[in-house]
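Notes follow the structure.
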Amino acid sequence: MRVLVTGAGGFVGRHVLHELKVHGHEPVAGILKSESLHGVETVSLDICDRNQVGEVIASNSYDGIIHLAAISHLGDAEKSIANLVDINVTGTANLLGAMSLSSKKTRFIFVSSSQVFATQKTSAALDECAPTHPETPYGWSKLAAENLCQLYRTMGHNTVIVRPFNHIGPGQLPSFVVSGLASRIKAAPDGGVLKVGNLETYRDFTDVRDIARAYRMVLEAKSPSPVYVLGSGKCLKIRDIVDSFLKMSGKTLTLETEPSLLRKVDPALFMANASLADKELSWRPELNILSTLEEIYRIA
């Protein structure tokens with residue numbers, strides 16, 4: 001299949017491009033002019049530019065679109081709501097609108113987020129039917145874009161929403177919690193101080209390569225469901241991740257809470273129930289997340 005991947009120059013995008021290529025697909029990387037990628041066909045694409053989006057979709061015959069382009073960091077999302085809406089909501093609308101005008105029956109995979117869910121009140125994992133009530137601007141922007149996808153689905157278009165929980169791996173920016181902890185621990189002198197945020201929360205972490213595989217499987221599925229939750233169904237405590245990195249480093253560090261690293265909204269537990277993806281796609285995480293942590297620390 002010929003597949004347009006928006007946001008292809010980002011952390012997840014590069015893994016998705018690789019996953020598609022090794023399974024015989026023809027990925028086309030939608031990138032901003034300031035980015036560059038080697039070994040894959042690229043097209044200049046600013047999803048906020050409706051005319052450019054229309055030209056890119058109209059001049060190519062895409063079997064699928066995997067829409068990754070977005071403001072993805074929670075801190076960045078809160079800096080400018082207008083910019084957040086332009087990219088995460090209007091950008092999605094531009095792609096859906098252009099796709100709807102094409103004669104090609106294109107599968108549109110919208111990469112949403114676990115942030116669309118309401119705060120988990122019990123230990124029960126969240127599935128596709130769990131209530132949505134975002135508590136962050138980022139989550140609201142993703143839910144708004146989801147609603148657009150659902151609208152186009154009612155109009156007969158082939159849209160699928162995926163809601164991945166936390167995914168980590170090589171190449172993730174240190175502004176994200178796990179890669180950031182690895183970088184700071186590796187840079188800290190033995191006996192020094194490590195600035196940390198809230199270490200008492202539990203999160204469902206999956207290797208990004210398992211998540212990329214899920215996107216490819218949704219693309220290939222004959223009749224996928226409208227929405228899939230993606231995650232491991234297991235949780236790691238952030239403090240345990242810190243302890244693992246400290247053990248790898250062989251260092252003794254004093255932990256100090258840094259207010260700037262604390263989030264305004266930080267649920268104690270967030271865990272996925274991906275049984276639908278298992279049932280319909282035969283997808284489940286295969287990579288050992290502890291090995292992923294070792295790889296992250298090694299290259300930090």
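The convex hull built on the alpha-carbon positions of the chain has an orientation-averaged projected area of 15.2 nm².
Looking at the chain, send over the antiparallel percent of its DSSP beta bridges, to the nearest 5.
Within the chain, antiparallel bridges account for around 10 percent of the total.
The angle separating the long axis of helix 289-299 from the principal Cα axis of greatest extent in the chain is about 80 degrees. Annotation: average projected area of segment 17-120 is 8.3 square nanometres, based on the convex hull of Cα atoms across all directions.
Can you give the FRET efficiency for residue 26 and residue 280, using 1/(1 + (r/R0)^6), R0 = 30 Å, r = Cβ-Cβ distance, to the nearest 0.05? Walk me through the numbers before you get to the answer.
On the way: r = 25 Å, r/R0 = 0.83.
My answer for the efficiency is 0.75.
Across segment 262-279, computed HN-Hα scalar couplings (Karplus, 6.51 cos²θ - 1.76 cosθ + 1.60, θ = phi - 60°) run 8, 9, 5, 10, 8, x, 5, 9, 8, 9, 9, 10, 9, 5, 5, 5, 5, 5 Hz from first to last residue, x flagging Gly and Pro. A crude spin-label estimate for the pair residue 52 and residue 173, with each label 7 Å from Cα along the Cβ direction, gives 1.8 nm.
Total Lys pairs in segment 165-242 closer than 27 Å by alpha-carbon, pairs eight or more apart in sequence or interchain only? Don't skip to the answer; put the middle values down first.
Numbers: 186/195; 186/234; 186/237; 195/234; 195/237.
Lysine pairs satisfying the spacing and distance rule in segment 165-242 number 5.
Counting only DSSP H runs of at least 4 residues, each contributing -39500 (n - 2.57), and dividing by the residue count of the chain, the helix-based mean residue ellipticity at 222 nm comes to -11500 deg cm²/dmol.
Here's the thing: no lysines lie within a cross-link span of residue 121, going by alpha-carbon distance under 16 Å and ignoring same-chain residues fewer than 8 apart. Counted over segment 24-154, the DSSP beta bridges are approximately 10% antiparallel. Computed over the chain, relative contact order equals 18 percent, with contacts defined as Cα pairs under 8 Å that lie 6+ residues apart.
From a point 7 Å beyond the Cα of residue 80 in the direction of its Cβ, which residues of segment 22-48 have a backbone N at a distance under 18 Å? The answer is 32-35, 46-48, whose backbone nitrogens lie closer than 18 Å to the label point.
Could you tally the net charge around residue 200, taking each other residue with its Cβ under 12 Å from the Cβ of residue 200, Lys/Arg +1 and Asp/Glu -1?
Details: positive: 203, 237, 239; negative: 240, 266.
Net charge around residue 200: +1.
The Cβ shell under 15 Å around residue 209 holds other residues with a net charge of -1, Lys and Arg each +1, Asp and Glu each -1.
For the chain, the longest principal axis of the alpha carbon atoms and the long axis of helix 177-187 meet at an angle near 50°.
Under a 5 Å amide H cut-off, with hydrogens placed 1.01 Å from N, residue 201 pairs with 238, 239 among residues at least 5 apart or on other chains.
At q = 0.13, 0.15, 0.18, 0.23 Å⁻¹ the log10 of I(q)/I(0) for segment 178-289 amounts to -0.62, -0.75, -0.93, -1.21, computed by Debye summation with a single uniform scatterer per C-alpha, solvent ignored. Backbone phi angles across segment 98-108, fed through the Karplus curve with coefficients 6.51, -1.76 and 1.60 (θ = phi - 60°), yield HN-Hα couplings of 5, 4, 5, 8, 7, 6, 7, 7, 9, 7, 9 Hz in residue order; Gly and Pro are listed as x. Residues whose amide H lies under 5 Å from that of residue 230, counting only those 5 or more places away or on a different chain, are 163, 165; hydrogens are built 1.01 Å from N in the peptide plane.
Dipole magnitude for segment 140-293: about 160 debye, using +1 per Lys or Arg Cβ and -1 per Asp or Glu Cβ, origin at the Cα centre. Each residue of segment 249-256 was assigned a 3J(HN,Hα) from its phi angle through the Karplus curve 6.51 cos²θ - 1.76 cosθ + 1.60 (θ = phi - 60°); the sequence is 6, x, 9, 10, 10, 8, 8, 10 Hz, with glycine and proline shown as x.
Under 5 Å between amide hydrogens, built in the peptide plane, is the criterion, and for residue 28 it picks out 3, 4, 5 among residues at least 5 positions away or on other chains.
Any read-out appearing in this document is the output of simple, stated calculations on the displayed coordinates, not a laboratory observation. All figures in this text were calculated on a predicted structure; none of them were measured in a lab. Quick reminder, even Gly has a Cβ in these numbers, built from the backbone with ideal geometry, and neighbours come from all protein chains shown.
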